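Peer 1: Before I ask anything, let me first share the structure, which is written out below as structure tokens.
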Amino acid sequence: MGARQEGRWRRARTTIAPAVEEVLLGALRLAHALAAVLWVGSALVVALSSDRHSSASSPVLRETIGAGVAVFVLTGTILAVQRLASAPVPPSYPVVLAAKVGLAVWMFWLARKAGLGATEALSPRVSINWQLAMIGILIYALAIALRAIYEGALRP
Ligand code: HEM
């Protein structure tokens, strides 16, 4: 490869590669956010439309749960690695992220119980559907906090 071609290749690499990375990250973020909207939205609809003794179990729900967990874990792990590697974040970031993942695992467990027809878990006073909806909203709030912490760390 001649010097001129090599120069052109190096310029292309330094301009295209970051753009490709941004597009891929954007697609990951979109998939993660869409899974979140689907989960929190359907949990709220089921909680609002069912009484506390009725189970929301259905084959569709079980499949949605399975697919959602896979999307959350795959995209969430890549987003976490990217965030932690891309800038010096304050200690609050991994702490809030750990709390978010802990709540997510708890929500996946509850959803699996709901998918198997359970109507109560942990507290008999709050139906499993409302527990799922409330944990989903809390996780969403922690996601917003994560972004604020990260963007705050970038500001001079
Ligand atoms: C293993 C599970 C999960 C991991 C590792 C994970 C990780 C992450 C990470 C690292 C981010 C980027 C935060 C930032 O901006 O710095 C994020 C964003 C987000 N997460 Fe998760 N997450 C998980 C599960 C969930 C669940 C279960 C929900 C919702 C119920 C959720 C909702 C969101 C939302 C709404 C965002 C913001 C997306 C955006 O608009 O950019 N995540 N998550």
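Peer 1: Using θ = phi - 60° and the Karplus relation 6.51 cos²θ - 1.76 cosθ + 1.60, list the HN-Hα couplings for segment 133-148 in order, rounded to whole Hz, with x at every Gly or Pro.
Peer 2: The phi angles translate into 5, 5, 5, x, 5, 5, 4, 4, 5, 5, 5, 5, 5, 4, 4, 5 Hz.
Peer 1: Another question, if that's okay. Using a probe of 1.4 angstrom, how much of the accessible area of the chain is carbon and sulfur, in percent?
Peer 2: Numbers: 6940 of 9810 Å².
C and S fraction of accessible area: 71 percent.
Peer 1: Hey, what angle do you get for helix 3-49 against the long axis of the chain, alpha-carbon based, 0 to 90 degrees rounded to 10?
Peer 2: 10
Peer 1: Return the Rg/Rh value of the chain, two decimal places, where both radii are evaluated on C-alpha atoms and Rh is the Kirkwood radius. Write down the numbers at each step before the final one.
Peer 2: Numbers: Rg = 20.3 Å, Rh = 17.8 Å.
With Rh from the inverse mean 1/r over Cα pairs, Rg/Rh is 1.14.
Peer 1: What list of ³J(HN,Hα) values in whole Hz, one per residue of segment 83-88 in order, does the Karplus curve 6.51 cos²θ - 1.76 cosθ + 1.60 (θ = phi - 60°) give from phi, with Gly and Pro shown as x?
Peer 2: Rounded to whole hertz, the list is 5, 5, 8, 8, 7, x.
Peer 1: Can you work out the accessible area per residue across the chain, with the rest of the protein chains kept in place, probe 1.4 Å, in square angstrom?
Peer 2: Details: 9810 Å² over 156 residues.
Each residue of the chain exposes 63 Å² on average to a 1.4 Å probe.
The values are calculated or read from the model by the stated rules, or taken from the named source; none is laboratory data. Just so you know, these numbers come straight off a predicted model, no measurement behind them. Note: accessible area is taken over every heavy atom of the protein model, side chains too, but ligands, DNA and RNA are not part of it. Shrake-Rupley method; radii C 1.70, N 1.55, O 1.52, S 1.80 Å.
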